[in-house]
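Asker: Sharing a structure, written as structure tokens. Questions coming.
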Amino acid sequence: MDNTYQRASSYSVTTSNSAKRQRTSTDPTVYAQLISLTIGDCQISMEELKCLLLLTPSLVHLKLVSSRSETYSIFDGSYWEQFIQNNLLLLNKFQFFFTYITDEFNDTNTLDSLILPFRSSFWLNNKHWLVSCDYTPRKRNIRLYTSSAYKDIEARSSKLLISSINPKCRMILHSNEDMDHYSRKETLTILRLRCNGIGDIGAQYLADALRNHQIITKLHLSGNKIGYTGAQHLAEALRNNETITELNLSLNKIGDTGAQHLAKALRNNKTITELNLSLNKIGDTGAQHLAKALHNNKTITKLNLSLNKIGDTGAQHLAEALHNNETITDLNLSMNKIGDIGAHHLAYMLQNNKALTSLLLGIASSQSPSTVIGPYDEQSNRIGYEGAKHLADALQKNKTLTTLDLSDNSIGDVGVKYLSDVLQYNKVLDYTLKILTLSHNNISDIGVQYLANVLQNNATLITLDLRSNQIGDDGAQQLAFALKNNEILIGYWFFPSYAVCHHGFIQCSHLCEKFPNIISSMTNNMLASLETLPIELLYQIFDNLDVETIVVSLRQVCRLFRSVIQTYNRYVFDFQSISKSNFNLICRIVRHENVISLILNNDKTPGQIDFFLSSVRIYRFTRLRSLILRDVDESQATNILTRIKVDQLNSFVIKIQKYDQRRKMTTVKLMTTIISQLHLQKLDIQIESERFGLIKWLEKSTLRDLSINGNMTFHNLCTIMQCSPQLRALTIQQVLPFMDNTNNSICFLQLTSLTIAEIHINIDQLESFLLFTPSLTHLKMIGEINILDGTRWEQFIQIRLPMLDRFELLVWIYHTFPQTLQDIESIIKSFRSLFWIEHKKWFFTCEYDIESSKKIYLYSLPICQTTMKYIPSSQRMSLSTTTTSNLSRMDNVENVILTMTKALADEIAEKETMIMNPVFCKATKLFINLADDWPFIPLISLSVLIDLSHLVEIEFNSCFPITSDTNALSDIINLIQQAHNLSSLLIYSHFAYGFGLCTEDICCLISRQIKHLQIPVDDLNDIKIVLERCNHLSSIQFDIRQRKFSKEIVQWIVDNTIDSTYRTDANFVKVWLGKNKIESNEFNVGFKRMKFSEHC
């Protein structure tokens, strides 16, 4: 584009010079044939530009891009209006992007004056050219542009924006790199504007937006030069805000006055739980105002006031406020000016406080003080041995504090003695302190002697930090002797500096997962480095690993890992496709109270739930926050729910597969009990209508996200909405309930997100239903409808859903006669208006399957359905409202169905000649059907359609008999080898018989990472072959032709395996495999699996 713009600029200058000559020539030259002109870098004067444009009276399209040092007439809308009306009568498309840099932007009057001329009838009504003007604080530039021109201009900074159709100035983002990744695709709930320099003016406009924006939950404004005026505007917005839970205003300059404004807002705020005001020059006065707010505030749990100027007086005010506070658990006062007197006040608070678990009075960084830059690099608290004595006395009475940071103070050996005298009696007095940081405190070998005595008997302390002290050889020897008998301490840092190779740890854990025996070959140096990893880092790593990897693969690495696995308290139990032996190990190793999420299902692992209930004491799962029960029998569900503690659940999912009429009322009562829990925020319930209708929905439910599939009536829905004032998101996974003669005054104002998974009603009924939800910001609909009319939808949204900013649609309409391209065009045309393209930026595709000749599909981009049957382009007619290919159209598709036809083969061959990304980049499941006209190109060529590396499951469904001479087996092996994350392989009988695969052939396909297998079997010898060759499988499904054969399979499984569980049906037997009695008939060479059989 740059080269094109340069050529256009050069041409414009040449033409302009010609225009100058024309003013003195008697033979005028006019370029009447020119209908489109683009000048990409217009540097000529306004007079020269005018002369140039006078030579092009036939222009239909004009595009100008120009950067100026000040606002010439090129920025004047009135000038352009008059010039176009007099000289460019045919112009119907005018695009421009003008910019200039200014150092004198103080308010929005400048923007108002620039945009005002573009609000005339000429611009808005006659030409429909929409113009915007914005100011970017970081770059100090003002930009004036038409909407259509701005689409091609990259904008990565926050800005103040005003437009010709919206006179209210507002703060917005366009692809800001600080913006949360998921907010580009979903509703914006997290807003990060760190280090943008928005100042007080930007804070004011952002505050104006927040008054009406009740979706943002996390607001990060650190490093933005916001002063007390900006803090005042934000505080006023927070008074009525009911969504923001996390506010970060660190690294600003709000001072004591700004803290006072925020304190007034926080007194009655009921949503903010985390507040960060570090690096804000807040002193004792500001701390006093905040303390007053904390007397009333009942929601803040984490308060960060580090790197301020709070002294002993400010500490006293805060301590008095927290004396009886029952919500704040984390208080950070690191690197202030607190001395022994302030420590005394804080210690007195700790004697009575029953909520605080973390008190930080040390370094506001995980490293040394030298890493803190700026005006605070010389600042730290000044707590000495007297302050340490007061804190030690408080620990004798406090029963909640688990973390105490006194780093970079001056407690010395005497202060250590006071702390040690208290900690050595932890067994008797039941202390809770687990993490103690004493780095940078001038502690010598004498102080270490006191700590060594503690470590020999301490039963609670798990992390001790003594970095950067004065510890010598004698002190190190004393610590080493103490640690020999201490099995509790798992994190200890004694050295001046500390570094962790994060990549090295991940690489090690990856190797341990694949080759557990590698642990025995680790060098002492490697194990020693792993032993010094900080506990916090391990916790964060464990948060991103499944429980099987943590317990099975990492437990044997080193002593530290074994200890952390015992104390880690955020386990998620998801047993899908897990082996039964590992299942037993996990249930035995992991403490039940350390599990926060439990996911059980009977799909691929039949009998899992019953086995789980017999292996654990379900009532010991006392900290569960999430419970998911999928495909469960009603008897199992009631058994779990009657024995488990549900009062702490914030998420519950249930899908009952098999019902027991005797337990109907028990199920109803249990559902009613769970729904009434105060902490429950997310509920997904899929049960039959009789039970669903009997559930009692109590008033003032705390639900915020509800998903229903229970043949719900409209009366049920009205009851639910009336009882759920906080409900924001509703998903209806059934046919939309029929609306009777309901009171038209009913309105679900609290609802902001609605998903209807099965519409199957006419447009009039759908519109009548949506009239109840005027506050929607997100609407998603899937199903059959009778009219595909974009104009009607446009009018309805503008009038009835004015707040809608995300619209997802996948609908279809049946036609009994073939459709033409003109028919498709008539539908998609109604979605090409300015409302859809320019204002909302919602794009659609209309598609007609030529082969089926029945359905016309209309869907939004990216497509909102998770399962898609791919149709080759030659077999469908498709038109879209956009021509761009970078919209990630198929990012939401997880399951892809491919019917391998000649048409698909031709399309794949064509795509292989082009350099392009796969159509489906995030698909995890692939379903393959081979048609009779498949020319049998290599299956590995499917990589041009699907990113094979993301696949976790491949299903070979059907196949016509293959008669050509092809290496079919090798072809499937090559495909599976490219699917590195594949864990499930399903081969149906139609495919196996059509492809000519015997059981031994199938065994050749199964790599070691595959845990679940589905295959057809004809006799018991097939089962024996599979279990001999593939003893790494966790579960297997045998598809059978005769029902009576299932009994023989079950008996064989019982005779030849230990502890296997199964489920039978007319057509299959599912087995969750226990220990195999028969010997494995395989050995490994490199990464290949070799078999003794000579048939493969």
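The values are calculated or read from the model by the stated rules, or taken from the named source; none is laboratory data. Predicted model only: the values in this text are computed from it and were never measured. Every residue, glycine among them, receives a Cβ derived from its backbone with ideal geometry; neighbour counts consider all protein chains shown.
Asker: If I go through the range 47-71 residue by residue, how many of them are surrounded by fewer than 15 Cβ atoms within 10 Å (Cβ to Cβ) and either out of contact with any strand residue (DSSP E or B) (no Cβ under 8 Å at 6 or more places or on another chain) or among the aliphatic types (A, V, I, L, M) (or both)?
Answerer: 2
Asker: With respect to PRO918, determine if the residue is in contact with a strand residue (DSSP E or B) (Cβ under 7 Å, 6 or more places away or on another chain) and not aliphatic (A, V, I, L, M). Full working, then the answer.
Answerer: Values: in contact with a strand residue (DSSP E or B) (Cβ under 7 Å, 6 or more places away or on another chain): yes; not aliphatic (A, V, I, L, M): yes.
Yes: the conditions hold for PRO918.
To keep it simple, each residue is scored yes or no on (1) over 17 Å from TRP129 (Cβ atoms); (2) over 45 Å from the mean Cα position of the chain (by Cα).
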residue	(1), (2)
LEU37	no, no
ILE44	yes, yes
LEU55	yes, yes
VAL60	no, yes
VAL65	no, no
ARG68	yes, no
ILE74	no, no
GLY77	no, no
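Asker: Test of understanding: among LEU429, LEU436, which residue is closer than 18 Å to THR357 by Cα and modelled with pLDDT of 85 or more? Spell out the reasoning first.
Answerer: On the way: LEU429 fails: modelled with pLDDT of 85 or more.
After ruling out the rest, the residue left standing is LEU436.
Asker: Hey, SER833 hits all of (1) surrounded by fewer than 16 Cβ atoms within 10 Å (Cβ to Cβ); (2) over 30 Å from ALA209 (Cβ atoms) but one; which does it fall short on?
Answerer: (2)
Asker: Does ILE1036 satisfy the condition of being touching a Leu at 6+ places or on another chain (Cβ under 8 Å), closer than 14 Å to LYS1070 by Cα, outside any helix (DSSP H, G or I) and without any contact (Cβ under 8 Å) to a residue 40 or more places away in the chain? Walk me through how you get there before you give the answer.
Answerer: On the way: touching a Leu at 6+ places or on another chain (Cβ under 8 Å): yes; closer than 14 Å to LYS1070 by Cα: yes; outside any helix (DSSP H, G or I): yes; without any contact (Cβ under 8 Å) to a residue 40 or more places away in the chain: yes.
It is true that ILE1036 is touching a Leu at 6+ places or on another chain (Cβ under 8 Å), closer than 14 Å to LYS1070 by Cα, outside any helix (DSSP H, G or I) and without any contact (Cβ under 8 Å) to a residue 40 or more places away in the chain.
Asker: Name the residue, out of LYS253, LYS264, that is over 28 Å from the mean Cα position of the chain (by Cα), basic (Lys, Arg), in a loop (DSSP other than H, G, I, E, B) and modelled with pLDDT of 90 or more. Break it down into steps so the answer makes sense when it comes.
Answerer: On the way: LYS264 fails: in a loop (DSSP other than H, G, I, E, B).
Result: LYS253 is the single residue among LYS253, LYS264 that is over 28 Å from the mean Cα position of the chain (by Cα), basic (Lys, Arg), in a loop (DSSP other than H, G, I, E, B) and modelled with pLDDT of 90 or more.
Asker: Next question, about the same structure. If we keep just the residues of the range 994-1028 that are in a helix (DSSP H, G or I) and free of Cβ contacts under 8 Å to residues at least 24 places away in the same chain, which is surrounded by the most Cβ atoms within 10 Å (Cβ to Cβ)? Break it down stepwise before answering.
Answerer: Start the filter on the range 994-1028 by keeping residues that are in a helix (DSSP H, G or I), which leaves 994-995, 999-1005, 1020-1028.
Applying the additional criterion that residues be free of Cβ contacts under 8 Å to residues at least 24 places away in the same chain yields 1021-1022.
Numbers: ASN1021: 10, ASP1022: 19.
That would be ASP1022.
Asker: Hey, any hits in the range 216-233 for a residue that's within 18 Å of LEU307 (Cα to Cα) and charged (D, E, K, R)?
Answerer: yes
Asker: Just the residues that are surrounded by 20 or more Cβ atoms within 10 Å (Cβ to Cβ), closer than 18 Å to ILE578 by Cβ and free of Cβ contacts under 8 Å to residues at least 60 places away in the same chain, please, taken from the range 605-626. Step through it out loud before you land on a result.
Answerer: Of the residues in the range 605-626, the ones surrounded by 20 or more Cβ atoms within 10 Å (Cβ to Cβ) are 605-606, 608-609, 611, 621, 624.
Pick out the ones that are also closer than 18 Å to ILE578 by Cβ and you get 605-606, 608-609, 611, 621.
Within the range 605-626, ILE609, PHE621 qualify.
Asker: Then there's this: Scanning for something under 19 Å from GLN686 (Cα atoms) and not small (Gly, Ala, Ser), does the range 758-766 turn up at least one residue? Full working, then the answer.
Answerer: Restricting attention to the range 758-766, the residues satisfying the condition of being under 19 Å from GLN686 (Cα atoms) are 758-759.
After this cut, where a residue has to be not small (Gly, Ala, Ser) as well, the list is 758-759.
Among the residues of the range 758-766, at least one is under 19 Å from GLN686 (Cα atoms) and not small (Gly, Ala, Ser), which makes the answer yes.
Asker: Within the range 898-908, is even one residue at pLDDT below 85, crowded, with 17+ Cβ neighbours inside 10 Å and of a type in the set (D, E, K, R)? Let's see the steps before the verdict.
Answerer: Pass one, the range 898-908, residues at pLDDT below 85: none.
No, the range 898-908 contains no residue that is at pLDDT below 85, crowded, with 17+ Cβ neighbours inside 10 Å and of a type in the set (D, E, K, R).
Asker: Is there any pair with a first residue in the range 208-237 that is over 21 Å from LYS264 (Cβ atoms) and a second that is in a helix (DSSP H, G or I) and not charged (D, E, K, R) whose Cβ atoms are under 6 Å apart and which are 6 or more apart or on different chains, and what are they?
Answerer: Every condition considered, the pairs that remain are LYS225/GLY199.
Asker: Taking the range 928-946 as the search range and keeping residues that are under 34 Å from the mean Cα position of the chain (by Cα) and farther than 16 Å from ILE897 by Cβ, which one is surrounded by the fewest Cβ atoms within 10 Å (Cβ to Cβ)? I'd like the intermediate steps shown before the answer.
Answerer: The initial filter retains those residues of the range 928-946 that are under 34 Å from the mean Cα position of the chain (by Cα), namely 928-929, 939-946.
Retained after the next criterion (residues that are farther than 16 Å from ILE897 by Cβ): 940-941, 943-944.
Numbers: ILE940: 16, SER941: 14, SER943: 18, VAL944: 18.
Here the answer is SER941.
Asker: Criterion first (in contact with a helix residue (DSSP H, G or I) (Cβ under 8 Å, 6 or more places away or on another chain) and of a type in the set (A, V, I, L, M, F, W, C)) does LEU275 satisfy it? Quick ask: steps written out before the conclusion?
Answerer: Numbers: in contact with a helix residue (DSSP H, G or I) (Cβ under 8 Å, 6 or more places away or on another chain): yes; of a type in the set (A, V, I, L, M, F, W, C): yes.
Spelling it out, LEU275 is indeed in contact with a helix residue (DSSP H, G or I) (Cβ under 8 Å, 6 or more places away or on another chain) and of a type in the set (A, V, I, L, M, F, W, C).
Quick grid of which residues meet (1) touching a Lys or Arg at 6+ places or on another chain (Cβ under 9 Å); (2) part of a helix (DSSP H, G or I); (3) in the same structural domain as ASN212 (by TED's automatic domain parsing); (4) over 25 Å from THR866 (Cβ atoms):
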| site | (1), (2), (3), (4) |
| --- | --- |
| ILE685 | yes, no, no, no |
| GLY693 | no, yes, no, yes |
| THR702 | no, no, no, yes |
| GLY710 | yes, no, no, no |
| ILE761 | no, no, no, no |
| ILE782 | no, no, no, no |
| TRP793 | no, yes, no, no |
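Asker: Does SER1046 count as within 42 Å of the chain's Cα centre (by Cα) and among the small types (Gly, Ala, Ser)?
Answerer: Numbers: within 42 Å of the chain's Cα centre (by Cα): no; among the small types (Gly, Ala, Ser): yes.
In short, no.
Asker: Can you name every residue in the range 566-596 that is in contact with a Leu (Cβ under 7 Å, 6 or more places away or on another chain) and surrounded by fewer than 21 Cβ atoms within 10 Å (Cβ to Cβ)?
Answerer: Correct list: ILE596 only.
Asker: Follow-up. Given the conditions (1) surrounded by 18 or more Cβ atoms within 10 Å (Cβ to Cβ); (2) under 18 Å from VAL422 (Cα atoms); (3) more than 34 Å from the chain's Cα centre (by Cα); (4) at pLDDT 75 or above, and given that ASN458 satisfies all but one, which numbered condition is not satisfied?
Answerer: The single condition ASN458 does not satisfy is (4).
Asker: So, of the residues in the range 332-376 that are in contact with a helix residue (DSSP H, G or I) (Cβ under 8 Å, 6 or more places away or on another chain) and among the hydroxyl-bearing types (Ser, Thr, Tyr), which turns out to be modelled with the highest pLDDT?
Answerer: TYR348
Asker: Yes or no: the range 556-575 includes at least one residue that is among the acidic types (Asp, Glu) and modelled with pLDDT under 85. Steps first, please.
Answerer: Of the range 556-575, the ones among the acidic types (Asp, Glu) are 574.
Next, from what is left, pick out any that are modelled with pLDDT under 85: none.
No, the range 556-575 has no match at all.
Asker: Is at least one residue of the range 812-829 part of a helix (DSSP H, G or I), surrounded by fewer than 16 Cβ atoms within 10 Å (Cβ to Cβ), out of contact with any strand residue (DSSP E or B) (no Cβ under 7 Å at 6 or more places or on another chain) and touching a residue at least 40 places away in the same chain (Cβ under 8 Å)?
Answerer: Looking through the range 812-829, none of the residues is part of a helix (DSSP H, G or I), surrounded by fewer than 16 Cβ atoms within 10 Å (Cβ to Cβ), out of contact with any strand residue (DSSP E or B) (no Cβ under 7 Å at 6 or more places or on another chain) and touching a residue at least 40 places away in the same chain (Cβ under 8 Å).
Asker: Still on this structure: Here is a list of conditions, (1) touching a Gly at 6+ places or on another chain (Cβ under 8 Å); (2) modelled with pLDDT under 85, and GLU1082 meets all of them except one; can you say which number that is?
Answerer: GLU1082 satisfies all of (1) touching a Gly at 6+ places or on another chain (Cβ under 8 Å); (2) modelled with pLDDT under 85 except (1).
Asker: Can you find a residue in the range 537-547 that is under 26 Å from the mean Cα position of the chain (by Cα) and free of Cβ contacts under 8 Å to residues at least 12 places away in the same chain?
Answerer: Keep residues of the range 537-547 that are under 26 Å from the mean Cα position of the chain (by Cα), which gives 537-547.
Then keep just the ones that are free of Cβ contacts under 8 Å to residues at least 12 places away in the same chain; that gives 540, 544.
Yes, that holds for at least one residue.
Asker: Taking the range 975-1001, which residues are more than 21 Å from LEU948 (Cβ to Cβ) and either at pLDDT 85 or above or touching an Asp or Glu at 6+ places or on another chain (Cβ under 8 Å) (or both)?
Answerer: SER989, THR999
Asker: Let me ask you something else. Do the conditions hold for SER25, that is, is it at pLDDT below 80 and part of a helix (DSSP H, G or I)?
Answerer: So SER25 does not fit the description; no.
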